[in-house]
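Everything below concerns the one structure shown next.
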């Protein structure tokens with residue numbers, strides 16, 4: 001706790017707060033949480049899909065944490081987490097408003113790319129089946145955690161919004177507020193496993209509809225806008 005009352009880097013903050021929280025609460029063998037400067041694979045694919053194979057590959061966006069559904073055939077990345085800066089004195093956020101905003105937009109783009117790359121591969125399903133899939137992200141600013149969700153509703157439109165938030169204690173007397181974080185993360189794990197079932201259902205329906213010619217191939221209307229090259 002004393003560490004959260006003095007200046008600390010983004011890495012120190014991550015490894016002393018969110019890392020032990022996720023490690024202690026997430027216990028499903030179906031979800032593998034990776035920490036560090038981790039590349040988001042769907043973003044890597046999105047940034048290079050129209051590039052020449054003879055040019056240098058662009059690295060995908062880096063994220064501080066990602067949760068992968070290891071029991072799905074495509075190893076779907078269901079959760080992305082971003083820590084926006086460290087702490088200044090007395091546990092105050094070190095990041096400016098611009099960085100916090102940019103990190104939130106970055107999180108939004110990674111969630112969208114994850115949905116896009118999945119939908120582009122499995123084309124023999126209906127839009128109604130695609131709309132069932134929800135993925136999640138979180139953003140840490142100081143000792144505050146905000147949790148977000150995104151789904152696709154068709155016509156190139158995605159719903160992205162904050163679904164919950166909590167504060168982490170910086171004093172031992174305030175440890176009781178960890179219950180809030182525990183409840184949120186337990187629910188996040190449960191919702192991620194629900195998404196796993198939906199993903200497997202989509203994969204099964206895609207195979208059945210393709211081989212039995214029940215549903216013709218359909219390309220979903222996706223938003224693929226990227227940052228213009230300077």
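The values are calculated or read from the model by the stated rules, or taken from the named source; none is laboratory data. Keep in mind that this is a model prediction, so the values were computed, not measured. When we count neighbours, we look across all protein chains shown, and the Cβ atoms used for this are built from the backbone with ideal geometry, even at glycine.
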Worksheet item: So is residue 224 assigned to a loop (DSSP other than H, G, I, E, B), farther than 28 Å from residue 101 by Cβ, under 18 Å from the mean Cα position of the chain (by Cα) and in contact (Cβ under 8 Å) with a residue 12 or more places away in the chain or not?
Response: no
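Yes/no matrix, rows are residues, columns are (1) modelled with pLDDT of 95 or more; (2) assigned to a loop (DSSP other than H, G, I, E, B):
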position	(1), (2)
163	yes, no
178	no, no
187	yes, no
190	yes, no
197	yes, no
200	yes, no
205	no, no
210	no, no
213	no, yes
Worksheet item: Taking region 16-36 as the region of interest, how many residues are touching a residue at least 12 places away in the same chain (Cβ under 8 Å), within 21 Å of residue 87 (Cβ to Cβ) and over 17 Å from the mean Cα position of the chain (by Cα)?
Response: 2
Response to the item:
Output for Cβ contacts, cut-off 8 Å, separation at least six or different chains, first residue at negative phi and in contact (Cβ under 8 Å) with a residue 12 or more places away in the chain in region 157-175, second loosely packed, with under 14 Cβ neighbours inside 10 Å and part of a strand (DSSP E or B), reads 165/144; 166/144; 167/144; 168/144
Response to the item:
Apart from one, (1) without any contact (Cβ under 8 Å) to a residue 40 or more places away in the chain; (2) buried (at least 16 other Cβ atoms within 10 Å of the Cβ); (3) in contact with a strand residue (DSSP E or B) (Cβ under 6 Å, 6 or more places away or on another chain); (4) farther than 22 Å from residue 184 by Cα all hold for residue 48; the odd one out is (3)
Worksheet item: Exactly one of (1) in contact (Cβ under 8 Å) with a residue 60 or more places away in the chain; (2) out of contact with any helix residue (DSSP H, G or I) (no Cβ under 7 Å at 6 or more places or on another chain) is unmet by residue 213. Its number?
Response: (1)
Discussion item. For a quick check of your reading of the model, give me the residue pairs whose first member lies in region 95-113 and is under 15 Å from residue 151 (Cβ atoms), whose second is assigned to a helix (DSSP H, G or I), with beta-carbon atoms closer than 6 Å and at least 6 apart or on different chains.
Written reply: 110/43; 113/42; 113/43; 113/46
